[in-house]
Every structure is written in structure tokens, then in C-alpha cells.
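None of the figures in this text is laboratory data; all of them are computed from the coordinates on show. Treat the numbers as computed from the prediction; the structure is a model and nothing was measured. Please note: Cβ atoms are built from the backbone with ideal geometry, for glycine as well, and neighbour counts cover all protein chains shown.
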Amino acid sequence: MDGWPDEAVDRLVGLSSRLTGLEALFLGDVVMEESEISWMDQSDLAPVLRAYPGLRELGVRGGKELEFPVVRHEGLRTLRFETGGLPAQVTRNVAASDLPSLECLELWLGDEYYGCDTTLEDLRPLLTGERLPSLRHLGLQNSEFQDEIAAAVAHAPVVARLGELGHHNPPLPDEGGFEEEDILLLSEELDGRRPWLQWGRTPSLRHVLRAAEVTGRSPQEIGERLARLGHDVHVPPALEVRDGGLLEAVPRSHESTGAAKILAVVSRTGRSPAEVAARLRELDVEIPDLVYPARRPAPTPPPPRPGAPDGGGCPGASSDRGGERNARGVPEACGPHDGRS
């Protein structure tokens, strides 16, 4: 996705003379099946704020290359950053910006592994109550130091004028406690170590199927357990581990898919279009009402071996290749000779 955030910002700025009534904007509306939040690039947001003085809401998903210089914007009321790792410079610049109308601020701080170098000291200017005079909702969430944030917020002056405080930690299971494999299910690489699943975002079906394969459970059991751990995910009742290759055609499990994506699955899995279509229907995926061929695609031929001839003749028959020859002077690679001259 290199380059697209800058292009998007440039196009938005270029359209500002036509979009004079634009009040709400969200950059990076990409779901987890399409891209992990920690992989998503962003851009410098200052040109957007300058181009749209009437903007009231700005949401951003993704933190790589994200820039938010110190700005003044009189109309902005909601500012939300959803990131896998929020850069400290962005946090400091938000706190230093002149945003007199800002009522709602949410910062998904994320993980050091994905670029979060924001510290509690970077957040303190937001907690003193001296900045952002209209602030009524403050969300400081999805961080590795949530306990420290909670302790600092408990006595922060800003709390006195807040109507809502966002402090999200994944909930514990309601009953029965943790299971031994929960730590695996909550890790993105299913290895029991960070990076962890992003709180507040639905796990992908790929994660569910990989977890089912690793643990030996059914995808439905994985979905139920993730829901108990605070990560709701819709798992089709008929979904099986063998369906992993189909997920390219189903970016969102509850939405319809197109013929082009079905053909991509055909190419990737070696199944026929009819087989792919039939299985998608079993998974309650809406597909185009077409006649799908039952013939499977021809297998891709293996690449030629190094040193093999380009075609025709007998491998090794060229005398300058030094092939092994029998007593009659015939290359061994040609197989047995019938003795005729």
C-alpha cells in the first residue's frame, strides 16, 4: 500500500473546493481480513485539516508513516486514531495543538513491536486539563501500559470535566477462568507471544482457521472461545479447516463475493469453479448466479531443472556436456539401447 495514503490526501485536498460541506472523514476504512491494522500506512494529516476548516470529525486507521503536526482547527469536535503503534510525536503534537472545539479524543496506542513509542509522560499534558478546553470524552486504550494509565488517570485533573473515559482492557472470561490455550489464541502468530490481537477489532477468519489447525479444535469452537475472551467473530457453521484457501473470495464472511474472486481461488487451490462455487454456497456466501465449469485448471508445469536441455532430444546426449556413455557410445540418460545400429 506504499504511496496510496499520500495520493489520497492529495486528492482530498484537490477536491476541497467541491466538497465544501464535508464534516466527517475516515481515512483507512480497511477491515482485518484485508489488512492488519499494524501494516497500514498513513500520511501527514495537516493538509486535510487546512483544506477543510468545516471538518467536525476525523478518524484515522493505521499508524505507519503517520504525521500530525501541531495545528489549529476551530471546528474539529472528534479526533480518533486507531493504530497498532502510535508514534510519540503524534501524541505530543495532538496535545500541543489548538483544538478549541474538540470534545472527543481517542488514541489507540498499540504495541512497541509495531511502532508505539508513546509513554505516560507524553500523555500527561492531556491529563492536566490545561489543554483541549471542550474535551468531554477521552479514550486512552489498547496499550501495553494500561495499568499505569489507569493509575495516572485516577487522580488526573481532566477527569473532573469528562463525561466519558475510555480505558479498554480485554475482559476476563465471565466464568471458568482461562484455559491453557487462550494465550495462543490471543497472539497474532499463535505462539503465545506478542504481537497480540488488536483489542476492539474482529479477528480474521484466517486467524480462526490457523488456530483451529494448531489446537485441533473446530473453527466454531475457536470462535466461541475468542468471543469469551472479548473478540467477537462470525464463524460460519459449516466452515472447516480445509476451507482456508477459500478465504481469498470472502474478505468479510457475511458479504457476497464476485466471479473474479472465485476465479482467483480456482487458480490458487486447483479446485474447479463449480467446486469453489458449491462450497461457498455451503458457507452461506452469496455468489453470482452463473454456470460454473466443472473442469479443474491445468496444473502449472514445474520449472526446468538447471542444466536441462531446452526441448527435444535426449537429456545428456550432447557430447560436449560430458554425459555418461555406455560401451556402445550411447548416453546412459537415453535408457537401454536395443542393439540395432
Three semi-axes of the equivalent ellipsoid, segment 101-158, Cα gyration tensor, whole Å, largest first: 20, 13, 9
Would you mind checking which residues have amide H under 5 Å from residue 44's amide H? H placed 1.01 Å from N; only 5 or more apart, or other chain. 67
Which of 91, 75, 125 sits closest to the plus end of the dipole of segment 4-166, meaning its Cα is farthest towards the positive end, when Lys and Arg get +1 and Asp and Glu get -1 on the C-beta? 75
Take the Cα radius of gyration of segment 1-144 and divide it by 2.2 N^0.38 Å, with N its residue count; two decimals is plenty. 1.00
Order the peptides 179-185, 269-275, 12-18 from the highest to the lowest mean number of other Cβ atoms within 10 Å of their residues. 269-275, 179-185, 12-18
Restricting everything to alpha-carbon atoms, can you work out Rg to Rh for segment 256-296 with a Kirkwood hydrodynamic radius? 0.91
How do 19, 86 rank when sorted from fewest to most other Cβ atoms within 10 Å of their own Cβ? 19, 86
Could you give me the ³J(HN,Hα) list for segment 203-218, computed from phi with Karplus coefficients 6.51, -1.76, 1.60 and θ = phi - 60°, whole Hz, x at Gly and Pro? x, 6, 5, 4, 5, 4, 5, 5, 5, 5, 5, 5, 8, x, 8, 7
Taking θ as phi - 60°, what are the ³J(HN,Hα) couplings along segment 260-277 by the Karplus curve (6.51, -1.76, 1.60), each to the nearest whole Hz, with x for Gly and Pro? 4, 5, 5, 5, 5, 5, 4, 5, 7, 9, x, 6, 6, x, 5, 5, 5, 4
Which cross-chain or sequence-distant (5 or more) residues have an amide H under 5 Å from the amide H of residue 85, H modelled 1.01 Å from N in plane? 63, 111
Return the long-range amide H neighbours of residue 27 (sequence gap of 5 or more, or a different chain), with a cut-off of under 5 Å between placed amide H atoms. 59, 60, 61
If packing is taken as the average count of other Cβ atoms within 10 Å, what order do 95-103, 107-115 fall into, highest mean first? 107-115, 95-103
Taking alpha-carbon centroids only, segment 258-288 lies from segment 98-122 a number of Å equal to 42 Å
